[in-house]
Amino acid sequence: MTRVARVPDRHGRFGRFGGRYVPETLIPALVELERAYQEVVVHDPAFTRELRGLLRDYVGRPSPLTYAARISDVVGAPVYLKREDLNHTGAHKINNTLGQALLARRMGKTRLIAETGAGQHGVATATVAALLGMRAEVYMGQVDVERQALNVYRMNLLGAAVHPVTGGTATLKDATNEAIRDWVTNVRDTYYIIGSVVGPHPYPAMVRDFQSVIGQEARRQITKMAGRLPGMAVAPVGGGSNAMGLFYPFRHDPVDLVGVEAAGEGLQGRHAASLVRGRPGVLHGAFSYLLQTDEGQVLPAHSVSAGLDYPGVGPEHAYYRETGRARYEAITDAEALEAFHRLSELEGIIPALESAHAVAWVLKQAGRLPVDAPVIINLSGRGDKDVDQVAALERRARSGEVGG
Amino acid sequence: MKGTKGSERREAPKTTASSGTARIAAAFASARAGKRAALMPYVTAGYPTLASLGPQLRAAGRAGADLVEVGVPFSDPLADGPVVQQAAEEALRGGYRLGELFSAIREAARDAPPLVLLTYINPVLAYGAERFLDEARDAGVTGLIVPDLPLVESGALGRAAARRDLVLVPMAAPTSTDAHLAAVAEGPGFVYGVSVTGVTGVRERLDPEVLAFADRLKAKIRRPVAIGFGISTPNQAREVGARADGVIIGSALVRAIGQRLSCPEAAVEEFVARIRQAMEPDDATPTRSVFDNRRIAAGEEGPER
Ligand SMILES: Cc1ncc(COP(=O)(O)O)c(C=O)c1O
């Protein structure tokens, strides 16, 4: 097994990836954030206590690890689901927003901003803002505002302002640009809650740490339930936060780590597989893999799952890919949609479309996995948010139109 | 690209008369000799067309620009406000290609003011940093401004630029620490002072803190300081020009071009001439001499800038 170094280094590098590619204006804020984060994590047990308490009493952690008997029969190996879908707000995103919002409050910032694609991170940010009595403003691409109207309503209901972004492709990458522009402008009183393990240092490491609760719990749970470590841990990868949260506590163990990206319409067509098909470059403050033209223009991503519809990916995944510590695979829209049905029918669990990618990849391995090595799938979110969209897709497909 | 220590000093380039470093220095010196700040307008390459770039650059020169910033279109310009974003988007929609930019510049650079490229880092990396710099230099470019490459990440590109006598222009912002200002205090070219916390854009009113910011930079930085972001009108240019060595005007000019797409070079010539006129010295206003006295009173060396 490949050994991974202690990363990031003090320049925020995971091997050659990561760094701080942002305007000079933001550098002092990033230094301040890094220092504040180190202080609370290293020197402030009260912070950790408060975060743990809220994760337990508000989010509902630990989330269960569920043995999926019928899926296991199909796959021919014991499959366990890490149930982030059961968290308050329905996904893993809140593990991170809670940690960052507490940090923001500690730093004396009164205004929270966030970017969101599907709206899950926006909802999780609006939720913790309401909980802590802070102001939240969320940037969301105009295309997503239309696709995910229900989540826009949820954010408003929770008291957050949603700003539609019309520039560029009017999706997550452009919402992120706009959030960064807001941050550059209001850096003195504003805290930017990034929703994944992306962005300039220290965000990738900090978001990883806040999400690592997933892997820490899973490691304890599988040891207790199966009496051993898993053979494999599988998670969907958009920006990469739920995957890194699961992988990180297993990084020194003999466990296969598999990240599943969105192959969209297929790797020959429009997709969102930045690690599988992208090239190294800089997007949103970090050097990592991204989808781009040979002249460095960022390409729009495509996935049926809005949470995976992002042309970049976190730098630590780029490092894992390059060192071989993890491998990255891709699953098409059609395969994910099929897994969305299979998991619902076989286990009574409707997965988020993002999570359905990981389920689909494991289903594809049926008969090819060791029969006694547990497989953990990160069920990063629940599918309620996707039911309308999938129903509409299937109606259109039945009436003979081309889906998508 | 590997991160390198920000405080690292750039290698001193051997300057020749035609080198980027020397041409930038000469542009600032000539403005100073005219007792005014250097005027540096910004245009987006490929907006409205790449063919119009040459005429726009020459028009800027005729109207009295001392240097011109040429914006390289990028899909995700996170330091730019709506006006420059839209210009870049239109350029990309219109089929702008980086590969064609350098030949357009080569054609224009001979009879235009010294050109500084404003580019985000990703197109440079994708093209290959060495190749990008070689082609930029061969086309007659004098320097580079990379808004998403802060000093802490700029070591490798800065050295590669210096080897070609190109200047990688460091930036300083209102949030920058004194340590940062000290790190960029000396070197070739100039320092780009970002006037406000924010992105590029047209602003009605000059933030009163801009002038204090310019003074702060001038007190700490020994190479020329040019101030940009949000400077839009002749009056604003005059006020800022009284405190700094250079004034950069982007969005307001790009907007003016957008209002005359059929003849962008006329828009450039008129706009730049109007700004330039406002920046001419007027001995009735004491601003500059007061400023110079303040520097001398602060015990600094003479106007070595
Ligand atoms: C349920 C769910 N899973 C996965 C993702 C992808 O993000 P990440 O890769 O950061 O976990 C999202 C993003 O919105 C999501 O909502």
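Points to keep in mind about this one:
- Reference-scaled alpha-carbon Rg (2.2 N^0.38 Å with N residues) for the range A:258-302: 1.10
- Two-site label geometry, A:ASP189 and A:ALA69: point separation in nm, points 7 Å out along Cα→Cβ: 5.8 nm
- Each Cα pair under 8 Å and six or more residues apart adds its separation to the average, and for the range A:52-176 the resulting relative contact order is 19 percent.
- Counted over the range B:20-280 with a bin width of 5 Å, the fraction of Cα pairs per bin, in whole percents, is 1, 7, 15, 20, 22, 19, 12, 5, 1, 0.
- Charge dipole of chain A about the Cα centre (unit charges at C-beta), most positive-ward option of A:ASN378, A:ALA262, A:LEU308: A:ASN378
- Radius 15 Å from Cβ of B:GLY61, net charge of other residues (Lys, Arg +1; Asp, Glu -1): -2
- Annotation note: trypsin sites (Lys or Arg not before Pro) in the range A:335-404 located in DSSP loop regions with a Cβ neighbour count of at most 14 within 10 Å are A:ARG368.
- When the alpha carbon gyration tensor of the range B:210-262 is reduced to an equivalent ellipsoid, the three semi-axes, largest first, read 26, 10, 8 Å.
- The protein assembly as shown: C-alpha pair distances exceeding 35 Å, %: 45 percent
- Within chain B, helix-based [θ] at 222 nm, where runs of 4 or more DSSP H residues each add -39,500 (n - 2.57), nearest 500: -13500 deg cm²/dmol
- For the peptide B:174-183, the mean number of other protein chain Cβ atoms found within 10 angstrom of a residue's Cβ is 3.
- Between A and B, accessible area buried - total, square angstrom, nearest 100, 1.4 angstrom probe: 3100 Å²
- For A:GLY381, the residues whose modelled amide H falls within less than 5 Å of its own, excluding neighbours fewer than 5 places apart on the same chain, are A:ASP85, A:ALA352, A:SER355.
- Neighbouring Cβ atoms from other chains, within 10 Å of the Cβ of residues in A:161-168, number 2 on average.
- Neighbour net charge for A:TYR320 - beta-carbon separation under 10 angstrom, K R +1, D E -1: +2
- Proximal charge balance of B:TYR127 [Cβ under 13 Å; K/R count +1, D/E count -1]: -3
- Calculated FRET value between A:HIS43 and A:ARG3, using beta carbons and R₀ = 35 Å, to 0.05: 0.75
- Sequence ranges A:229-240, B:147-158, ranked by mean other-Cβ count within 10 angstrom, highest first: A:229-240, B:147-158
- Sequence ranges A:27-40, A:138-151, B:113-126, ranked by mean other-Cβ count within 10 angstrom, highest first: B:113-126, A:138-151, A:27-40
- Taking chain A and dividing mean pair separation by its residue count, relative contact order in percent (alpha carbons under 8 Å, at least six apart): 20 percent
- Pairs of Lys residues in chain B, spaced 8 or more positions apart or belonging to different chains, with C-alpha separations under 27 angstrom: 8 in total.
- Shape call, the range A:18-175: gyration tensor on alpha carbons, a/c limit 1.5: oblate
- Between the range A:41-110 and the range B:27-63, the C-alpha centres lie 55 angstrom from each other.
- FRET efficiency, 1/(1 + (r/R0)^6) with R0 22 Å, evaluated for B:ALA51 and B:GLN277 via beta carbons: 0.15
- Model label points for A:GLU338 and A:ARG395, set 7 angstrom from Cα along the Cα-to-Cβ axis, are 2.6 nm apart.
- Each Cα pair under 8 Å and six or more residues apart adds its sequence gap; the mean of these over the residue count of chain B is a relative contact order of 23 percent.
- Qualifying trypsin sites (Lys or Arg not before Pro) in the range B:214-247, where qualification requires a DSSP coil assignment and no more than 16 other C-beta atoms within 10 Å, comprise B:ARG222.
- Contour minus Cα-Cα distance for A:GLU32 and A:ARG228 (0.36 nm per residue): 66.4 nm
- Measuring spread by the Cα atoms of chain A yields a radius of gyration and Dmax of 19.5, 61 Å.
- Applying 0.36 nm per residue to the separation of B:ALA182 and B:ALA33 and subtracting their alpha-carbon distance, the gain on full extension is 51.0 nm.
- One chain, two ends: A:ARG368 and A:GLN268. Fully extended at 0.36 nm per residue, the span grows by 33.4 nm beyond their Cα-Cα distance.
- The residue among A:GLY324, A:PRO230, A:ALA352 whose Cα reaches farthest toward the positive pole of the charge dipole of chain A, with charges on the beta-carbon of Lys, Arg, Asp and Glu, is A:PRO230.
- Of the residues A:GLY117, A:ALA129, A:ALA77, the one whose Cα sits farthest toward the positive end of the charge dipole of the range A:59-155, with +1 on the Cβ of Lys and Arg and -1 on the Cβ of Asp and Glu, is A:ALA129.
- Rounded to the nearest 20, the Cβ-based charge dipole of chain A about its Cα centre (Lys and Arg +1, Asp and Glu -1) stands at 1060 debye.
- Peptide B:72-85, shielding by other chains (average Cβ, 10 Å cutoff): 6
- Per residue, the convex hull around the alpha carbon atoms of the range B:70-178 comes to 120 Å³.
- Basic side chains Lys and Arg get +1 at the Cβ, acidic Asp and Glu get -1 at the Cβ, and with that the dipole of the range B:20-280 about its Cα centre reaches some 660 debye.
- Per-residue ellipticity at 222 nm from helix content only, as computed over chain A with -39500 (n - 2.57) for each DSSP H run of at least four residues, stands at -13000 deg cm²/dmol.
The values are calculated or read from the model by the stated rules, or taken from the named source; none is laboratory data. These figures come from a predicted structure and were not determined experimentally. Positions of Cβ are generated from backbone atoms using ideal geometry, with glycine treated the same way; all protein chains shown enter the neighbour counts. For the accessible areas, the whole protein counts, side chains as well, though only heavy atoms, and no ligand, DNA or RNA atoms are used. Shrake-Rupley method; radii C 1.70, N 1.55, O 1.52, S 1.80 Å.
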